[in-house]
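Have a look at the structure below before the remarks.
What follows is calculated from the coordinates using simple rules that are stated; it is not laboratory data. For clarity, every value in this text was computed on a predicted model and none was experimentally measured. No Cβ is skipped: glycine too gets one built from the backbone with ideal geometry, and neighbour counts run over all protein chains shown.
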Amino acid sequence: MTHTGLVDVHAHFVTDSYVAAARSAGIAHPDGMPGWPTWSVEEHLDLMERSGIEKSYLSVSSPGVHFGDDGAARDLAREVNEFGAKVRAENSRRFGHFAALPLPDVAGSLAEAAHALDVLGADGVVVETNHHGLYLGDPELEPLWAELDRRGAVVFVHPTSPPHADDLALGRPRPMLEFLFDSARTASDLLFRGVLARYPGIRWILTHGGGALPLLADRMELFRAHLGGGAPDGPDTIEQLGRLWYDMAGTPFPRQIRALDAAFGTERLLYGSDYCWTPAGLVLAQVETVDSAVQPSATETWRDLTTRNARRLFAADAR
């Protein structure tokens, strides 16, 4: 049996200099994890061959590139983006690239987005669910969203630790729970502040099946109807959130994708591995669950569905 090749929208890279910059800023255990992963083109391509991944869109994961100094963050964003663009150019059939932005520095992010999209040919940009406590619905970010909306850009929203994460996480790694709640938190901020309604040209991707969002969307709509938020006469919560794209990184089966499907359907569902932060062995095990789960129909597999959706997403790119 020949499997459809997966298109992985949630794949990461690190460089030695990036990790060194983070360590110099005191980040030895990012997001409460034991340490930093390693990455190479060769190891990534090997995993793709073993798991049947046709193409991977690379990005820098949490904690991003801003460690407290705007100038240093601009330099680091440029450095990792030049690296990602080089990998993409040398392996264009196998790799895409979402460019890092030095948020919460908005001016620097506007400049870097323009360079990455116009000069480096990036496939989109990556942002974190919050940047030093600045969530994505904050008015400070309006100029960035206006520009990315004008471009019809893909914006990959990667979760990160929320403010006061040390207290909230109870000593456990934050990707386990806090990332999933922070995805829901920033999505609610985008919705209630009207960003989703004002900038419909942005193609937002949320990770991990939307995190806690599918289970909270009805509750959000209840509060939106009574407290206001977004466009009062516009689409409701379910419709607006249903226009976003979602990847299945993490533990999609047997429950996560079922919840996402019940809330928003699967016509914007994408595959995600979360490699290299998820080790290769766990990626292979996750792919096995994708292939062995009850498939979406008698004529289409999860591979077929997510790859078809990914091609629709990137076909909308006019560049």
Check your understanding: Quick one: what does P(r) look like for the stretch 6-315 with 20 Å bins over all Cα pairs, in whole %?
Key -> 35, 61, 4
Review point. Where the centroid of each part is defined by its Cα atoms, how far is the stretch 264-302 from the stretch 76-105 in Å?
Key: 25 Å
Practice item. Output the antiparallel fraction of DSSP beta bridges having both residues in the chain, as a percent to the nearest 5. Key: 10 percent
Practice item. At q = 0.10, 0.11, 0.15, 0.16 Å⁻¹, what is the base-10 log of I(q)/I(0) for the stretch 148-262 according to the Debye formula with one equal point scatterer per Cα and no solvent? Please give it to two decimals. Key: -0.30, -0.37, -0.68, -0.77
Check your understanding: Given the options GLY171, GLY242, GLY210, which has the most mean-square fluctuation in a GNM of the chain, springs set between C-alpha atoms less than 10 angstrom apart?
Key -> GLY171
Check your understanding: For the charge dipole of the stretch 6-315, defined by +1 on Lys and Arg C-beta atoms and -1 on Asp and Glu C-beta atoms about the Cα centroid, which residue among VAL65, GLY201, CYS276 has the Cα displaced farthest towards the positive pole?
Key -> GLY201
Exercise for review: Find the centroid of the Cα atoms in the stretch 28-52 and in the stretch 106-153, then give the distance between the two in whole Å.
Suggested key: 26 Å
Practice item. Name the most mobile residue of VAL65, VAL87, VAL127, meaning the one with the largest mean-square fluctuation, in a Gaussian network model of the chain with Cα contacts below 10 Å. Key: VAL87
Practice item. Enter the per residue convex hull volume of the stretch 18-88, computed from alpha-carbon coordinates, in Å³ rounded to the nearest integer. Key: 98 Å³
Revision key, fill the gap. With +1 on the Cβ of every Lys and Arg and -1 on the Cβ of every Asp and Glu, the dipole magnitude of the stretch 24-155 about its Cα centre, in debye rounded to the nearest 20, is 420 debye
Point to revise | Dipole axis of the chain (+1 Lys, Arg; -1 Asp, Glu on Cβ), positive-most option in GLY35, HIS164, LEU6 | key: LEU6
Review point. With all pairs of different alpha carbon atoms counted, what Kirkwood hydrodynamic radius in Å does the stretch 166-210 show?
Key: 11.9 Å
Check your understanding: Which distance in nm do the two modelled labels at LEU284 and HIS3 give, with both placed 7 Å along the Cα-to-Cβ direction?
Key -> 1.1 nm
Practice item. Label the stretch 52-118 by shape, choosing from rounded, prolate and oblate, from the square roots a ≥ b ≥ c of the eigenvalues of the Cα gyration tensor; if a/c is under 1.5 it is rounded, and otherwise prolate applies when a/b is larger than b/c, oblate when it is not. Key: prolate
Review point. Quick one: putting +1 on the C-beta of Lys and Arg, -1 on the C-beta of Asp and Glu, what dipole do you get for the chain around its Cα centre, in Debye to the nearest 20?
Key: 600 debye
**Study point:** Selected from SER109, SER92, SER59 as most flexible by GNM, with the chain as the system and alpha-carbon contacts under 10 Å
**Key:** SER92
